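Novice: Sharing a structure with you now.
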Amino acid sequence: MPLLAQEKITPTSPPKPSDLTDEWWLFYQEDNEKASERIDQTQFELEQTLELVSDENLQKGRNTVDRILTNLQAYQQVAAQPPPSLPTPKPIADRYTIDDIVELNRQIRQTTIELQREKDNQNEQLRKLSAAEKHLRELQKKYNAAELRTEKRILLGLDIIAYRSAIELTKMRLENLEGRVKAGQTSLDHLNEEMAKAVERVYVTPEKSSKLFQQVEAAKSSWNKAQNILNKKEIEAAVSVPSSRDPLSEAQNQLLSQEVIAARIVEMEAHNDLIFLEIEKALTELIARPEQVDISAMRDNIAQWSDHLFKAKELVADWAEICQEQIQSTSKIIALYEDNGRTVNPDLILLQQQIIRLAYDNIFDLQRINSEIEDSLFLLEEVDDALTPLLGGGERWLREFLDFIASSVKKTLDWLGQGLFNIGSTPVTLVSILRFFIVIILTIWVSRLIRRGLSTVLEQRRGMRKAIAFRIDRLVHYFVLTIGFIVALSALGFNFSNLILIAGALGVGLGFGLQSIFNNFVSGIIVLFESYLKVGDYIELETGIKGEVKAINFRTIILRTNDGVDILIPNSDVVSNRVINWTLNDPYRRVHIPFSVAYGTDKELVKRIVIEAAFDVEYTLPKGKKPDPQVRFIKFADSSLEFELAVWVNDKATRRSRLTSSAYLWAIDNVLRKHGITVPFPQRDVHISQQPPQPS
């Protein structure tokens, strides 16, 4: 009979920290109407459990119990909230004024900001959820390993209840957040649909045109007044040089700087109001009287307005940063005064408080101006769109094509900008991943370009050794790659301000898959800097492999044998094992060629003719560089006198040991034959004796 899966049984009592079951959380998921009663039961159970905890850990246990109760109460409140409902689309009107579409654009901007805030909150909750679940798994392992009915197990059980309740609360909040994100996205889609229809149904009245003319003139007058006020304030700031460096004079100067920023804000706001009205007037003319529009003048105005608005956005950002820095520095000074407890001039404190208030007011005004600039830019786009049908056929087609490309690029970037996962609190998107690989590719290309130019320069320098040039090339390559990799990680969203996390991630990577790679990389750096092994050296490994070093790379050394075979040697093998470098400090070396002659041969004759033969071999160094060739009598062998030719050879012969040995043996054999000297070979006499057969 097959075994049936057992259904999970809902607990009827609150969890006991010393004996947690797998289904303990189900106690809080049933019948939300009795949630308060279950929380009271849990509080009673946990209070009883705390009686088993020692005085040393009692406060820690109470804090954990408070966290549990807070999480359960919040969970009850969130669970009782109704799910967010999707908004219904607003009916689209038959006609819209310019003010209507401006207001509609503001709603779109506000909804976009709120939606992005909800998404950021969602990503933050997901990050917290992941960290809490990881910690809960670690607590569960410790809990299972702890002995039953011990204080350690009770405290671990309390921590598990606290983390699990926090996780379930986060999951519940994420469900609500997901509903709010869907509702926000739906609302944004409805607004965009309405905007697409509204811009096609914009109308103006004759009264609007005459009213706009009066508003433009009034705005010009207001701007002129604001300019005059700004000029006076700037002159005041220019002539107001503090007589001393005392704190009061410096505070007065900082307050005056904030007053200048406030005057600039008023002037910019007045100018932006004028530009907004001029843009609105231009749009009105394009809608009401398109045949009377001077296209060339209109295009010049669009360019001027666009240039001013984008410069204004940059100034707003700069001024906001100045005000923020002023708030931070002044707040720190006030905090220092309070910490030191010393008596401070009350006028100075009053001035510093005025600086902070004015800086906050300026930031608030700058935020408002930034929103007004966005209104002007939106209206400017509508003017540009309304002007497009009045252009010539080819120019209109080009404009529409460019607008289509810009719109497609924007949609693509928005799609690519969606977060895939997080690095810390920074979301990683397809755009950031593309930036990462683009930076890596550009880094490799720049490295090759620099190395190519460096190689050309080094080749033109006489006396530059090949090994030194290669070492410079490698170090430049590694340096450029390191800088590029750091920039690529920054483009990906990696935060380098927390070096502890970086070191931890690097340690984990080295502890697992990157250990061998890192070991070989560091070994390669050691090989480059120690100079015991260079490109062009002829080396011999412990395994007996010989060859010329062709390259020292990131992970391996390329060794080419005399047979033309390229062998990849890990850098760590070269550093940790014995390596013979035949050309480390001297390209020449001495070879030993054994040979033998028959007993009775004139030894002096052998010595003379073999040395002469050695000088005739092309590999022998000329006299003066190294000791002359020598012939040494080694020993009396069974059938011969054994000699050895010791001769210093050039760098070509150093790298060709077998060829070198063959050349000298060839010369020795020729000269011995020429002088009739016999090269003996082993001989044995075999005597066979016959014996008569034994009688049986």
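Novice: Using a 1.4 Å probe, how large is the accessible area of Ile229, given in Å² and rounded to the nearest 10?
Specialist: 110
Novice: In addition: Any of Lys34/Lys182; Lys603/Lys674; Lys281/Lys311 with alpha carbons more than 20 Å apart? Name them for me.
Specialist: From the list (Lys34/Lys182; Lys603/Lys674; Lys281/Lys311), the Cα-Cα distance tops 20 Å for Lys34/Lys182; Lys281/Lys311.
Novice: Checking the cross-link filter: which aspartates and glutamates have an alpha carbon closer than 16 Å to that of Lys233, excluding same-chain neighbours under 8 positions apart?
Specialist: Output for Lys233: Glu259, Glu267.
Novice: Using a 1.4 angstrom probe on the protein heavy atoms only, line up Tyr96, Tyr203 by accessible area, largest first.
Specialist: The ranking, largest first, comes out as Tyr203, Tyr96.
Novice: Here is a follow-up. Let's see if you can work this out: charge +1 on each Lys and Arg Cβ, -1 on each Asp and Glu Cβ, no other charges. What is the dipole magnitude of the range 171-230 about its Cα centre, in debye to the nearest 20?
Specialist: Dipole size: approximately 240 debye.
Novice: Return the subset of Lys534/Lys625; Lys16/Lys152; Lys534/Lys623; Lys134/Lys171 for which the Cα-Cα distance in this structure is over 18 Å, preserving the input order.
Specialist: Lys534/Lys625; Lys534/Lys623
Novice: For the range 1-140, compute Rh as the Kirkwood radius over C-alpha pairs and then the Stokes-Einstein diffusion coefficient at 10 °C and 1.306 mPa s; write the answer in µm²/s, rounded to an integer.
Specialist: For the chosen part, D equals 79 µm²/s.
Novice: Per 0.36 nm of contour for each residue apart, how much would the distance between Glu175 and Glu291 grow if the chain were fully extended, relative to their Cα-Cα spacing?
Specialist: Using 0.36 nm per residue and subtracting the Cα-Cα distance, I get 36.2 nm.
Novice: OK, next. For an R0 of 30 angstrom, estimate the FRET efficiency from the Cβ-Cβ distance between Leu256 and Gln304 and round to the nearest 0.05.
Specialist: Calculated value: 0.40.
Novice: Take the alpha carbon atoms of the range 545-592, find their center, do the same for the range 599-664, and report the distance between the two centers in whole angstrom.
Specialist: Answer, in whole Å: 27.
Novice: Could you compute the net charge surrounding Asp300? Neighbours are other residues with a C-beta less than 14 Å from the C-beta of Asp300; K and R count +1, D and E count -1.
Specialist: Residues close to Asp300 contribute a combined charge of -3.
Novice: Just subtract the alpha-carbon distance of Ala598 and Asn57 from 0.36 nm times their residue separation and send over the number in nm, one decimal.
Specialist: Here the segment from Ala598 to Asn57 would lengthen by 184.9 nm.
Novice: Can you give the alpha-carbon Rg of the range 282-338 over 2.2 N^0.38 Å, where N counts its residues?
Specialist: Computed over Cα atoms of the range 282-338, the ratio equals 2.15.
Novice: Show me the GluC sites (Glu not before Pro) within the range 44-94 that DSSP assigns to loop and that have at most 12 other Cβ atoms within 10 Å of their Cβ.
Specialist: Sparse-neighbourhood loop GluC sites (Glu not before Pro): Glu51.
Novice: So how far, in whole Å, is the C-alpha centre of the range 180-220 from the one of the range 69-141?
Specialist: First find each Cα centre; the distance between them is then 27 Å.
Novice: On to the next question. Over the heavy atoms of His675, what accessible area does a 1.4 Å probe trace out, to the nearest 10 Å²?
Specialist: 80
Novice: Here's something else I'd like to know. Simple spin-label model, 7 Å along Cα-to-Cβ: Arg608 to Asn562 in nm?
Specialist: 3.3
Novice: Something else about it: So how much accessible area does Asp94 have, in Å² to the nearest 10, using a 1.4 Å probe?
Specialist: Looks like 130 Å² after rounding.
Novice: Turning to a different aspect of this structure: So if we plug the beta-carbon distance of Ser455 and Glu314 into 1/(1 + (r/R0)^6) with R0 = 41 Å, what FRET efficiency do we get, rounded to 0.05?
Specialist: 0.45
Novice: Figure the gain on full extension for Ser130 and Lys211 (residue separation times 0.36 nm, minus the Cα-Cα span) and round it to one decimal in nm.
Specialist: Here the answer is 23.2 nm.
Novice: Okay, next question. Please give the peptides 309-319, 351-361, 288-298 ranked by average Cβ packing (other Cβ atoms within 10 Å per residue), highest first, as a rough proxy for protection.
Specialist: The most tightly packed comes first, giving 351-361, 309-319, 288-298.
Novice: Using the beta-carbon distance between Lys625 and Ile483 and R0 = 51 Å, what value does 1/(1 + (r/R0)^6) give for FRET efficiency, to the nearest 0.05?
Specialist: Taking R0 as 51 Å, the efficiency between Lys625 and Ile483 is 0.65.
Novice: Place a +1 charge on the Cβ of each Lys and Arg in the range 104-223 and a -1 charge on the Cβ of each Asp and Glu, then give the dipole magnitude about the Cα centre in debye, rounded to the nearest 20.
Specialist: 360
Novice: Now, a different point. Using a simple spin-label model with points 7 Å from Cα along the Cα→Cβ vector, what separation in nm is obtained for Phe437 and Asp246?
Specialist: Those two pseudo-labels are separated by 6.6 nm.
Novice: Under unit Cβ charges (Lys, Arg +1; Asp, Glu -1), what dipole magnitude, rounded to 20 debye, does the range 542-586 have relative to its Cα centre?
Specialist: Using Cβ point charges on Lys, Arg, Asp and Glu, the range 542-586 gives about 100 debye.
Novice: If I model a spin label at Gln367 and Ile322 as a point 7 Å from the Cα along the Cα→Cβ vector, what separation in nanometres do I get?
Specialist: 2.1
Novice: Now a separate question. Taking the Cβ of Trp223 as the centre, find all other residues whose Cβ is under 12 Å away and add up their charges (Lys, Arg: +1; Asp, Glu: -1).
Specialist: Once all neighbours under 12 Å are counted, the net charge is -3.
Novice: Next up: Using a cut-off of 9 Å between beta-carbons, work out the net charge of the residues near Pro594 (Lys and Arg +1, Asp and Glu -1, Pro594 not included).
Specialist: Taking every other residue near Pro594 into account, the sum is -2.
The values are calculated or read from the model by the stated rules, or taken from the named source; none is laboratory data. As the structure is a computational prediction, the values presented were derived from the model and not from experiment. Because the Cβ atoms are built from the backbone with ideal geometry, glycine has one as well, and the counts that use them run over all protein chains shown. Side chains are part of the model used for accessible areas, which takes the heavy atoms of the whole protein and leaves out ligands, DNA and RNA. Shrake-Rupley method; radii C 1.70, N 1.55, O 1.52, S 1.80 Å.
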